[in-house]
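Asks: Below is one structure. I have some questions about it.
The values are calculated or read from the model by the stated rules, or taken from the named source; none is laboratory data. Everything numeric here is computed off the predicted structure, so don't read it as measured data. Note that each Cβ is placed from the backbone with ideal geometry, even for glycine, and that neighbours are counted across all protein chains shown. In case anyone asks, the SASA skips ligands and DNA or RNA and just uses the protein heavy atoms, side chains included. Shrake-Rupley method; radii C 1.70, N 1.55, O 1.52, S 1.80 Å.
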Amino acid sequence: MVRWGAGRLVGYSLLFLAGGAVVLLMIVSAAFIFSSRSQLHGTESLKAARVDRLILEFISDLVDAETAQRGFIITKKEAFLQPYENALSQFAKDAADLRLRAAEVDEGKAIAPEPVEELIRLGQAKMDLVGHNLAEFRAGNLDELRLVIASDKGRVLMDQIRQKGADIREIAVAVRIARAAAMRDTATMLRTMISLGVAMIVVLTAGATMIMIRHLRQIDEARQELIEINQELESRVRERTEAVMRTNDELQRYAYIVSHDLRAPLVNIMGFTSELESATEKLTTYVRKTSEDANDLDRADALLAVDEDIPEALGFIRSSMKRMDSLINEILKLSRAGRRVLEPVPLDTQSLVSECIDSIRQRFDEAGAEVRIEGRLPDVVSDRSALQQVFTNLLDNATKYLKDGRSGQITVRGRLERGSAVFEVEDNGRGVAEADFERIFELFRRAGVQDKPGDGIGLAHTRMLARRLGGDVSVKSDGETGTTFIVTIARDLVLRMGRNEA
């Protein structure tokens, strides 16, 4: 149920996130589009305003030129001609600017070139008339009154210029008004889009918040349920752990008692075997002193028995006693190791493994094997003696089962995984068949070709130690090119033991 709720939360979250992203994308796109439109309208409005200003300046220059003409004729002072000179020098530039700016308004669609050219032509005619009147006055061909009366032509030209300029300005003003209205509409649409976007984001946020609150409530309920389940599970685990520990203690005591009980008859057998050997020697001496008749078949059988059969039987008995004594000692060792109190301490695993390698260096040299530690092994808090025994057993085992004709390579590596430390002891030996992956960890059980000495206890001992250290031992192999033993132990045995006690 919790997983299903989590899936729904993820689905709704993705849905709301996608909705919010779409809304934001729409707002940004709209802002970009409407901003571009507003900029375009503003630019066109400025172009129209520039044309309006140029026309006013154009007419103002013509008025200044005419005013300068009148002032010079009345006063005959050259200083009054300065506005005319300025207008004359600026006329060509102003005319070119007016053509260019008028053609830019609304990409040349708003103001036709003909009215502009007509305005420029009338302006040029006005400037020519003013220049002509000034030239006639300086030449003395006309008196002041005639010149003033003749200036009525200039008034007519100015009226035409003002009218033509007003027509063009009216178009420019219309463009400015239209563009300003378009800018207002664009701004209104942008505000509307942003408002709708904000409203949608608020709705999405509110929906996401409601879903989140609902999911959090479900999580709280599930957490409470999980706490109750964990408490019940911990109680069951504690009971079963205690039962397993009791069983393990009983097994350890049983193994200890059995090993002691087995040793007593074994000692008796060893004693009686020694007595039989002594008796056999006496019997042999006696038989050899009896009649030496070659036809005495009974004496021949007796000699065969004391010389061959009895010594061979005693040899088998002594060999079996040594084997049994070795097995009993191993059982005692396992029993003592199982009952030994662990002493967790901080360990430099790199140094510990190096010590293990050095302790059996002679075995590696005899087998022609190369041993190396790959990378840095993780440090742990564990029992030094137990961990040392684990690595020594695995390294010795790897050396024992190297493949003939292949240069031995043994590698030790390690890593951390959550609260555990994982070590691998890899060799390129004969390998282990998949069917024997568990068999090799069973007590007194061995797998593969039995051409190496051993009691089938080392790996069982190793697994028992690893489990006491809060982990386990497993194996992987293709059965041909080598074997890798994987040792997992608690990274901090103190914490693991504390949790078990709790």
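Asks: Kindly check whether there is at least one residue in the range 49-64 that is in contact with a Gly (Cβ under 7 Å, 6 or more places away or on another chain), over 30 Å from residue 179 (Cα atoms), open to solvent by less than 60 Å² (accessible area, probe 1.4 Å) and at pLDDT 80 or above.
Replies: The answer is yes; a qualifying residue exists.
Asks: Of the conditions (1) assigned to a helix (DSSP H, G or I); (2) closer than 30 Å to residue 341 by Cβ, residue 425 satisfies every one except a single condition; which number is it?
Replies: (1)
Asks: Kindly provide the set of residues from the range 80-114 that are touching a Gly at 6+ places or on another chain (Cβ under 8 Å) and open to solvent by 70 Å² or more (accessible area, probe 1.4 Å), ordered by number.
Replies: 80, 88
Asks: Restricted to the range 170-201, and to residues that are under 19 Å from residue 54 (Cβ atoms) and not small (Gly, Ala, Ser), which residue is most open to solvent (accessible area, probe 1.4 Å)?
Replies: Per the criteria, the residue is 170.
Asks: If I ask for residues that are among the acidic types (Asp, Glu) and in contact with a helix residue (DSSP H, G or I) (Cβ under 6 Å, 6 or more places away or on another chain), which ones from the range 391-436 would you list?
Replies: The one that is among the acidic types (Asp, Glu) and in contact with a helix residue (DSSP H, G or I) (Cβ under 6 Å, 6 or more places away or on another chain): 427.
Asks: Sticking with this one: Among (1) at pLDDT below 70; (2) out of contact with any helix residue (DSSP H, G or I) (no Cβ under 8 Å at 6 or more places or on another chain), there is one condition residue 346 misses while meeting the rest; what is its number?
Replies: (1)
Asks: From the set of residues in the range 359-414 that are part of a strand (DSSP E or B) and modelled with pLDDT under 90, which is farthest from residue 431 (Cα to Cα)?
Replies: By that ranking, first place goes to 369.
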